[in-house]
2 protein chains.
Amino acid sequence: MTKKKSKHPTLSEVAKKAGVGTTTVSRVINGGQRVDPQTLARVQKVIESLGYMPNQAARILKGDRTRSIGFVIPSIADPFFSSCAEAAQAIARAHDSLLIVLTTQNDAHAEVESVNVLLRHRADGFILAPGNSQSQVLRTLLKRVQVPVVTLDRPMEGMPIPAVVADNFAGARMATRHLIDHGYRRIACLTGEPTLYTLHERIKGYQKEIETAGLEMILDASIKDYRSAEYAVESVLAAPNPPDALLTLKNSTTIFVFEALQKLGISVPERVALLGYDDFELAATVRPSISVVQQPIEALGRTAAELLFSRMLDGAGAEKDRGKMVELHTRLIPRASCGCRPPQN
Amino acid sequence: MTKKKSKHPTLSEVAKKAGVGTTTVSRVINGGQRVDPQTLARVQKVIESLGYMPNQAARILKGDRTRSIGFVIPSIADPFFSSCAEAAQAIARAHDSLLIVLTTQNDAHAEVESVNVLLRHRADGFILAPGNSQSQVLRTLLKRVQVPVVTLDRPMEGMPIPAVVADNFAGARMATRHLIDHGYRRIACLTGEPTLYTLHERIKGYQKEIETAGLEMILDASIKDYRSAEYAVESVLAAPNPPDALLTLKNSTTIFVFEALQKLGISVPERVALLGYDDFELAATVRPSISVVQQPIEALGRTAAELLFSRMLDGAGAEKDRGKMVELHTRLIPRASCGCRPPQN
């Protein structure tokens, strides 16, 4: 294979001409720390004279890959998705690619717009967490997309697009079973957005385990902020036959419910136990510490990115992965709020 | 001004042809919830027959703006920057524009690559939080950039690029002064990354106030994770003349130090007081609640985006904003860890 000489000077060419190592050139590019002033000046001169600029323009002009992948998620202020993105970014970096993050607030219009941005930019592929698998325009667009796509956290049902998801159904069953094993008999499930794929699966898991145990299902799916959480907690606990345990189905719901319980002066786990879905920063530090179902967040982001790169780099692999659903396991982290440990001082 | 008829059908045209309102078409695009099956089928048929696709391609082909802006930040797993991004995104959305987030880990190479991606994509402008204002390649690139740029959280020193920053120096002075007013006389300052613009400014603020009060400066800038925080806390507290108060200069440092103090069984504020820079989720919920300097995070993201759009939309405004530095105020949130309130149960 012959390789045409690029008109764009490389880092090595700069290093050679300046009579220094590539690490030194890299340091100069990054601000010149730990480089003596004389060397700094010389390298900067060479950079200028050669017109060196570390960019991909040459490669793109030759029709090669843009070395960028898209990451289309509902929100980056949600620690679940931001941690997924960091993990995906590490994989992208290892493949010398950029990760372009676009957010959608689960809105199908924004999803379609985001995918169009990525296509115009000629991204080499993208990862998508679709808000609604049934969105017609999104489905139509994805059918026409020529680059590899992987969905994250939520599948596109009935489409040949590989998906990397957590075992939401099994995780919620496990959590419910854990509370039943503690002896709780009135377990309320608190959540918001019950139509979202992940939460729908978790509600089904809770329901299945409750029914298997012959208990009564108590579901409140109205929680969207602190205020609605406080209202829900007050309401379920004021009922004639109040719950003895609460299962909260996502990160923010757990935090809002815990704050509400603390504000209302309700002792946990004595009066009501609490088990949350999603681990969170400080879950082990608050008092009582909060028992949770921990999702394999980094693994989700990493696996989705690895699958995408394998589809991009390996045509055969791409074919064999069509419609593949990778389901990663969650695990239970027992702390004090479910009753597993005596409350700390 | 005449307007050429676009070949791309609009949402209104779909609505008209299907005999429904635009809201209904929007609902169909978003998955068809709350649309009766008959209407759903009809609208889907019209969408297909007209080849409707909500994209910007037509506009771009006409040479108009791409209606996208870049947001180049060190990390999206850092809640400071992810909250900035959400706020900037709301402004972008209000201007019918997409926010494209790219992350750099404060690496100048990644910054230059990111800016190049945005230029290739023909972004209308971008917001950048530079890791190192002195990076030569970044400075060279920014000099050549034709679209409006605003820096966020950190300025490009000596360049005519408007910057939106928090008053780091004044915030750290205020925090140090608050601890002095409580009667603490040995105030240690704990941080990492002391060369970063924001942290450097905060260290200077702490130093200024300590010197003004005739006290001794105690600085440990070694904290980068939980382990180093625990080591730093043990070290400073084991010294012959240990501190009676700790000032932590950023979010993650505060959390690590608080966790270390709790693990080591050191009572706060009795044995040592704690005041953190950056508010964080659960800061009011942990025991003792943590007093903090709160940065105007949303306002930083929002103001940077507003300034960028004003530069993009108004040539004169752009000229008058060159080199402008907008400094937003931080405020002190006194809670229990500094000694302002009796520790809660």
- Task: Any residue in the range A:104-117 that's more than 7 Å from chain B (Cβ to nearest Cβ): show its pairings with residues that are among the polar types (S, T, N, Q) and part of a helix (DSSP H, G or I) at Cβ separation under 8 Å, as long as the two are six or more apart or on different chains.
- Result: A:Thr104/A:Ser114
- Message: If B:Ile100 satisfies all but one of (1) within 25 Å of A:Phe71 (Cβ to Cβ); (2) outside any strand (DSSP E or B); (3) facing another protein chain (nearest Cβ under 10 Å); (4) out of contact with any Asp or Glu (no Cβ under 9 Å at 6 or more places or on another chain), what's the number of the condition it fails?
- Response: (2)
- Taking the range B:334-345, which residues are modelled with pLDDT of 95 or more and surrounded by fewer than 17 Cβ atoms within 10 Å (Cβ to Cβ)? B:Pro334
- Query: Can you pull out the residues in the range A:196-227 that are part of a helix (DSSP H, G or I) and over 25 Å from the mean Cα position of the chain (by Cα)?
  - Reply: A:Gln207, A:Lys208, A:Glu209, A:Ile210, A:Glu211, A:Thr212, A:Arg227
- Only one residue in B:Ile73, B:Ile100 is crowded, with 21+ Cβ neighbours inside 10 Å, in contact (Cβ under 8 Å) with a residue 24 or more places away in the chain and more than 24 Å from B:Leu199 (Cβ to Cβ). Which one? B:Ile100
- Message: Could you check the range A:155-187 and list, in sequence order, the residues that are buried (at least 24 other Cβ atoms within 10 Å of the Cβ), farther than 22 Å from A:Ala304 by Cβ, among the hydrophobic types (A, V, I, L, M, F, W, C) and in contact with an Asp or Glu (Cβ under 8 Å, 6 or more places away or on another chain)?
- Response: A:Ile187
- Query: Taking the stated definitions as given, is A:Val137 in a helix (DSSP H, G or I), crowded, with 20+ Cβ neighbours inside 10 Å, over 21 Å from the mean Cα position of the chain (by Cα) and of a type in the set (A, V, I, L, M)?
  - Reply: yes
- Message: Pairs please, first residue from the range B:255-275 and on the phi > 0 side of the Ramachandran plot, second anywhere and among the hydroxyl-bearing types (Ser, Thr, Tyr) and modelled with pLDDT of 95 or more, Cβ atoms under 6 Å, 6+ apart in sequence or on different chains.
- Response: none
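Among the candidates B:Ala15, B:Ala92, B:Ala57, B:Ala41, which residue alone is under 30 Å from B:Gln146 (Cα atoms) and either touching a Gly at 6+ places or on another chain (Cβ under 7 Å) or at pLDDT below 90 (or both)?
B:Ala57
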- Query: Do you know which residues across the range B:240-292 are within 19 Å of B:Glu230 (Cβ to Cβ) and among the small types (Gly, Ala, Ser)?
  - Reply: B:Ala245, B:Ser252, B:Ala260, B:Gly265, B:Ser267, B:Ala273, B:Gly276
- Query: From the set of residues in the range B:287-306 that are assigned to a loop (DSSP other than H, G, I, E, B) and buried (at least 21 other Cβ atoms within 10 Å of the Cβ), which is nearest to the chain's Cα centre (by Cα)?
  - Reply: B:Gln295
- Among the residues listed as A:Glu157, A:Glu193, the single one being in the same structural domain as A:Pro74 (by TED's automatic domain parsing), in a loop (DSSP other than H, G, I, E, B) and acidic (Asp, Glu): A:Glu157
- Item | Conditions (1) more than 9 Å from chain B (Cβ to nearest Cβ); (2) at pLDDT 70 or above; (3) within 25 Å of B:Arg120 (Cα to Cα); (4) in a loop (DSSP other than H, G, I, E, B): number failed by A:Thr66 | (1)
- Query: For the range A:118-140, which residues satisfy the criterion of being over 18 Å from B:Leu102 (Cβ atoms) and more than 7 Å from chain B (Cβ to nearest Cβ)?
  - Reply: A:Ala129, A:Pro130, A:Gly131, A:Ser133, A:Leu138, A:Arg139, A:Thr140
- Residues satisfying the stated conditions in the range B:312-326, i.e. at pLDDT 90 or above and surrounded by 14 or more Cβ atoms within 10 Å (Cβ to Cβ): B:Val326
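The values are calculated or read from the model by the stated rules, or taken from the named source; none is laboratory data. None of the values given here were measured: they were computed from a predicted structure. Cβ atoms come from the backbone with ideal geometry, glycine included; neighbour counts cover every protein chain shown.
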